[in-house]
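S.K.: Sharing a structure, written as structure tokens. Questions coming.
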């Protein structure tokens with residue numbers, strides 16, 4: 001059985017080097033019992049109408065030894081949009097999420113009802129046999145698309161999460 005564990009971690013290290021070279025702030029979140037992922041965190045600024053900062057967390061899903069032995073790995077990109085959202089707004093957020101997710105070509109918005117966290121998540125399959133540079137370019141391109149979705153829809157989620165607008169009001173104004 002071939003051990004590709006270094007492959008996924010190496011890709012995150014290469015990606016970090018590229019993002020740092022472009023002037024982005026990066027950091028690492030080490031695994032915990034609650035979150036068993038080692039994640040590269042990249043800070044992107046100027047997202048949405050209000051030009052908010054977004055942290056994009058990138059990690060390879062753990063416990064995927066069989067997949068890695070077959071030469072594949074699954075990268076998860078995760079961005080927290082809002083935290084501690086009042087349960088009063090969960091229904092409207094779920095309505096907005098359900099409608100937008102039917103139009104997105106990749107990934108999905110979601111809500112952790114137990115913590116009130118609104119998020120965007122995308123999982124992608126990478127072939128470890130590909131050249132590292134090709135995989136890094138694929139990840140960066142996908143991140144660009146994720147940032148585009150966040151730019152388009154972030155303010156709608158923020159307004160609904162704060163009770164300033166309903167899902168219906170936001171859906172009337174969004175490009176779908």
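The values are calculated or read from the model by the stated rules, or taken from the named source; none is laboratory data. If you're wondering where the values come from, they're calculated on a predicted model, not measured in any experiment. Cβ sites come from the backbone with ideal geometry, for glycine too, and all protein chains shown count toward neighbours.
S.K.: Looking at residue 141 and the list (1) closer than 30 Å to residue 69 by Cα; (2) at pLDDT 95 or above; (3) surrounded by 15 or more Cβ atoms within 10 Å (Cβ to Cβ), which single condition is not satisfied?
M.R.: Among (1) closer than 30 Å to residue 69 by Cα; (2) at pLDDT 95 or above; (3) surrounded by 15 or more Cβ atoms within 10 Å (Cβ to Cβ), the lone unmet condition for residue 141 is (3).
S.K.: Is it the case that residue 146 is touching a residue at least 60 places away in the same chain (Cβ under 8 Å), touching a strand residue (DSSP E or B) at 6+ places or on another chain (Cβ under 8 Å), over 23 Å from residue 174 (Cα atoms) and in a helix (DSSP H, G or I)?
M.R.: Working: touching a residue at least 60 places away in the same chain (Cβ under 8 Å): yes; touching a strand residue (DSSP E or B) at 6+ places or on another chain (Cβ under 8 Å): yes; over 23 Å from residue 174 (Cα atoms): no; in a helix (DSSP H, G or I): yes.
No: the conditions fail for residue 146.
S.K.: Can you tell me how many residues within region 4-43 are assigned to a loop (DSSP other than H, G, I, E, B) and under 17 Å from residue 144 (Cα atoms)?
M.R.: Qualifying residue count for the region: 3.
S.K.: Enumerate the pairs (first residue in region 45-64 and assigned to a loop (DSSP other than H, G, I, E, B); second residue anywhere and surrounded by 11 or more Cβ atoms within 10 Å (Cβ to Cβ) and modelled with pLDDT under 95) with beta-carbon separation below 6 Å, excluding pairs fewer than 6 apart on the same chain, so at least 6 apart or on different chains.
M.R.: 61/74; 62/36
S.K.: Please find, among 164, 159, 99, the residue that is part of a loop (DSSP other than H, G, I, E, B), more than 11 Å from the chain's Cα centre (by Cα) and more than 25 Å from residue 37 (Cβ to Cβ).
M.R.: 164
S.K.: Which is in a helix (DSSP H, G or I), surrounded by 12 or more Cβ atoms within 10 Å (Cβ to Cβ) and modelled with pLDDT of 95 or more, of 171, 111, 88? Give the steps one after another, and end with the answer.
M.R.: Values: 111 fails: in a helix (DSSP H, G or I); 88 fails: surrounded by 12 or more Cβ atoms within 10 Å (Cβ to Cβ).
Answer to the selection: 171.
S.K.: Same structure, new question: Across region 18-45, which residue is nearest to the chain's Cα centre (by Cα) among those that are modelled with pLDDT of 95 or more, more than 23 Å from residue 154 (Cβ to Cβ) and surrounded by 11 or more Cβ atoms within 10 Å (Cβ to Cβ)?
M.R.: My answer is 28.
S.K.: If I go through region 71-85 residue by residue, how many of them are closer than 22 Å to residue 29 by Cα and surrounded by fewer than 17 Cβ atoms within 10 Å (Cβ to Cβ)?
M.R.: Total meeting the criteria: 5.
S.K.: Restricting to region 53-70, what's the tally of residues that are more than 18 Å from the chain's Cα centre (by Cα), within 16 Å of residue 35 (Cα to Cα) and buried (at least 16 other Cβ atoms within 10 Å of the Cβ)?
M.R.: At the first step, the residues of region 53-70 found to be more than 18 Å from the chain's Cα centre (by Cα) are 63-70.
Of the ones still in play, those that are also within 16 Å of residue 35 (Cα to Cα) are 63-64.
Keeping just the survivors that are buried (at least 16 other Cβ atoms within 10 Å of the Cβ) gives 64.
Total meeting the criteria: 1.
S.K.: Does residue 135 satisfy being free of Cβ contacts under 8 Å to residues at least 24 places away in the same chain, farther than 20 Å from residue 52 by Cα and either touching a helix residue (DSSP H, G or I) at 6+ places or on another chain (Cβ under 7 Å) or outside any helix (DSSP H, G or I) (or both)?
M.R.: On the way: free of Cβ contacts under 8 Å to residues at least 24 places away in the same chain: no; farther than 20 Å from residue 52 by Cα: yes; either touching a helix residue (DSSP H, G or I) at 6+ places or on another chain (Cβ under 7 Å) or outside any helix (DSSP H, G or I) (or both): yes.
Taking the combined requirement at face value, the residue does not satisfy it.
S.K.: Has region 95-102 got any residue that is in contact (Cβ under 8 Å) with a residue 60 or more places away in the chain, surrounded by 14 or more Cβ atoms within 10 Å (Cβ to Cβ) and over 21 Å from residue 54 (Cα atoms)?
M.R.: Taking region 95-102 first, the residues in contact (Cβ under 8 Å) with a residue 60 or more places away in the chain are 95-96, 99-100.
Next, only the ones that are surrounded by 14 or more Cβ atoms within 10 Å (Cβ to Cβ) stay: 95-96, 99-100.
Narrowing the set further to residues that are over 21 Å from residue 54 (Cα atoms) leaves 95, 99.
Checked region 95-102: at least one residue is in contact (Cβ under 8 Å) with a residue 60 or more places away in the chain, surrounded by 14 or more Cβ atoms within 10 Å (Cβ to Cβ) and over 21 Å from residue 54 (Cα atoms).
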